[in-house]
Each structure stands twice: as structure tokens, then as C-alpha cells.
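Only the coordinates and a few stated rules stand behind these numbers; no lab work does. These numbers were taken from a predicted model, which means no experiment stands behind them. A quick note on method: Cβ atoms are made from the backbone with ideal geometry, for glycine too, and the neighbour counts reach across all protein chains shown.
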Amino acid sequence: MRSFDFQPGDGSRYFIQLFRSEHGGIFVINHEESMWRYHPGDCLKFLMGNNNEWTHKAIWNFLEANYNV
């Protein structure tokens, strides 16, 4: 498990936790409010919780720029 706390510069703040998925990709839990599956360079798929386009954009941009598999 890895954790990140970041601010994308728009006044919001995110705390995410990452776990490897046994079926491929990486599970991303955001503030215990939403869960996503991240496939580096491909997609960030919403799984459950609060689906917000701004959260999607912030997490996608952060992971693409900072996360190395």
C-alpha cells in the first residue's frame, strides 16, 4: 500500500491510498469516499462511491505525473 496527500492547485486537497488489484491495475481509494481502478497510461475507472469529474481529473493527472509502477 502507498499513500499520497496532494493539492492540485485549485484549492482542493486529496488523500489517496493505492493497492494492487489481483485482476490488473491499481485500486485507488480517495478520502474513503470513492474507489477507482487505475491502469497507468490507459484509464482511471470509477468503481463506487462519489463519482465526481473534478476528482477523476485530479487523481488521473497526479498519478500519471507521479506514480511509477
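Phi angles of the range 32-38 translate, via the Karplus equation with coefficients 6.51, -1.76, 1.60 and θ = phi - 60°, into HN-Hα couplings of 6, 10, 8, 10, 9, 10, 9 Hz per residue; Gly and Pro are given as x.
Annotation note: trypsin sites (Lys or Arg not before Pro) in the range 1-43 located in DSSP loop regions with a Cβ neighbour count of at most 12 within 10 Å are R13.
Across the chain, C-alpha contacts under 8 Å between residues 6 or more apart give a mean separation that, scaled by the residue count, equals a relative contact order of 19 percent. Label point of F19 set 7 angstrom out along Cα-Cβ; within the range 48-67, amide nitrogens under 17 Å from it belong to 48-50.
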